[in-house]
Amino acid sequence: MKKKFVPILLFMAVLFTLFTGVGQAATTPVVPKLYLNDQLLKPYDDPQIVNDFTLVPIRVVSENMGYEVNWAAATKTVTIHNDQNVIVLTIDNNIALVNNTKVQMDMSAKLQKGRTTMIPIRFVSEQLGLTVKWDQASQSVYLYKAADPEEPSTTPDPGQTGSITSIQYDSSFGIIINYDGKVTANKPFKLDSPKRIVIDFPNATYSDNLSSQFMGAETRIPVADNPYISMFRYSVFSTNPATARLVLDLNTDKDADAVVQDNGAGVITIGLTDPVTTPPVDTTTPPVTTDPGTKVYNVVIDAGHGGTDPGAQSINGRWEKEVNLAISLKVKALLDKEKNIKPLLSRPEDKFVTLADRVTFAKNNKADIFISIHANSNPTSSVSGTETYYTRDNSKALANVIHKHLVKATGLKDRGVKYGNLHVTRETTMPAILLETGFLSNKGDSDILYSDAAQNKMASEIVAGIKEYLKLS
Ligand SMILES: [Zn+2]
């Protein structure tokens, strides 16, 4: 059970203050005036000056300035949120949390008369990206808010609703989003300083297990091993209409495009690519023709993950990299017996190999086909089955043949051959596929994938598929 923010209880508190009268000070306090984009704001409660700092009722921030505000009574914290920033202020505490980083303030938030939360307007406004000016002569605070460029890029269709159940990073796939109901992604758009890609999901909320389910809470997940992004973060962008927002922070000096792919069955993947300037050139290799006797085909077997990148964790605590390697080694052993096939392992042991190095390995070895072996995972443990991915058209035939054999070997639900914008199947040029043998998050699938007998069966069916595709059988 997660702690929930109690929304804007302080609005009620503000109402009470209406009945209490104003005269809280013996001296006549100067009431500073507050302007937003040169328009005078008239808050219910007066702003006040304390030790040269202007404090304004929090309601100004939500009602007049248009930001989302949540109040957590238990911790006496107020959370102020726009798309880019989350500011958490605690009453009488001069340390603010700005995007989870502690920032010292010269003036803390105060509870006025035990009821109305007053916040330091300059600090909050500057953190929210507004320009703040103080005019001494008129005792006025001038706030300037630039037009928000981060509107959702398309109008949501009110007919669709869904809930995002998980957002994860996978070094092979990019960002993997699982959802219930109907969730679609808007076209990604880019913003500068910092350089980022924004993807909105209209009419989408987050499920209860995600801390980002509330306005004001942004989940930030650093990414260490991706050439394009350093972090992704997600939050509620709007509650009316419900809009979820995913932001991908791009690595400096590296531009990228995001490719959104709905894989069906409640999964959206977001892959990252070099910027697409022209339509991709089709580097289709000629279809494999029967080459009598002498031709030796180079087959790269790519065991997914490895070393510090363990991949998905199985329901019984073991890692994906282990099962990927076990199957790959068995495939290699079988292929070693084939005189027309030279098997090559891009990851022959438990070590970390970058996706780029796997691609380079395949290219340098003039691979005729490339098969990446993985296992799947889903937050819903009942999800089960075998699927095969391809990216380029020249890989479809290979995907179909190998998938047919793989499903036979696992005996699991046939989840089909799917398009996926995956690094290794995209950046290679030879027919290249990625196998998701089964779901480690599912007890039945996991038991099969870790069983030696089933691994032998999968290896021999993968080999049968390779031979069928190469017309060697
Ligand atoms: Zn994997």
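The values are calculated or read from the model by the stated rules, or taken from the named source; none is laboratory data. The structure presented is a predicted model; accordingly, all values stated were derived computationally and were not measured. Because the Cβ atoms are built from the backbone with ideal geometry, glycine has one as well, and the counts that use them run over all protein chains shown. Heads up: the accessible areas ignore ligands, DNA and RNA and are worked out on the full protein's heavy atoms, side chains in. Shrake-Rupley method; radii C 1.70, N 1.55, O 1.52, S 1.80 Å.
Annotations for the structure displayed:
- Scanning the range 98-105 for residues that are surrounded by fewer than 16 Cβ atoms within 10 Å (Cβ to Cβ), more than 21 Å from Asn51 (Cβ to Cβ) and touching a residue at least 12 places away in the same chain (Cβ under 8 Å) turns up at least one hit.
- The range 366-385, subset within 12 Å of the ligand (Cβ to nearest atom) and part of a strand (DSSP E or B), residue nearest to Thr165 (Cα to Cα): Asn376
- Considering the range 226-243, and only residues there that are under 11 Å from the mean Cα position of the chain (by Cα) and closer than 21 Å to Ile87 by Cβ, the residue that is most open to solvent (accessible area, probe 1.4 Å) turns out to be Met231.
- Subset of the range 293-327 [over 16 Å from Asn378 (Cα atoms), within 11 Å of the ligand (Cβ to nearest atom) and part of a strand (DSSP E or B)]: Asp302, Ala303, Gly306, Asp309
- Screening Ser441, Ser473, Ser460, Ser451 for residues that are surrounded by fewer than 23 Cβ atoms within 10 Å (Cβ to Cβ) and within 16 Å of the ligand (Cβ to nearest atom) leaves exactly one candidate, Ser441.
- Test: residue in the range 393-409 that is open to solvent by 10 Å² or more (accessible area, probe 1.4 Å), assigned to a helix (DSSP H, G or I) and within 16 Å of the ligand (Cβ to nearest atom): no
- Filtering the range 404-426 to residues that are at positive phi and either within 25 Å of the chain's Cα centre (by Cα) or of a type in the set (Ser, Thr, Tyr) (or both) leaves only Gly416.
- Residues in the range 415-438 that are outside any strand (DSSP E or B), closer than 13 Å to Asp302 by Cα and within 16 Å of the ligand (Cβ to nearest atom): His423, Val424, Thr425.
- Of the numbered criteria (1) within 22 Å of Gln168 (Cβ to Cβ); (2) away from the ligand (no atom under 12 Å from the Cβ), the one Glu349 fails is (1).
- Qualifying residue in the range 367-390 (condition: open to solvent by 50 Å² or more (accessible area, probe 1.4 Å) and over 23 Å from the mean Cα position of the chain (by Cα)): no
- Any hit, the range 164-173, residues being among the small types (Gly, Ala, Ser), within 16 Å of the ligand (Cβ to nearest atom) and either modelled with pLDDT under 90 or over 30 Å from Thr425 (Cα atoms) (or both): yes
- Taking the criterion of being touching a residue at least 40 places away in the same chain (Cβ under 8 Å) and out of contact with any Phe, Trp or Tyr (no Cβ under 8 Å at 6 or more places or on another chain), the residues of the range 382-396 that qualify are Ser382, Thr386, Glu387, Thr388, Arg392, Asp393, Asn394.
- Qualifying residues in the range 50-77 (those that are within 26 Å of the chain's Cα centre (by Cα) and in a strand (DSSP E or B)) - the one farthest from Val132 (Cα to Cα): Asn70
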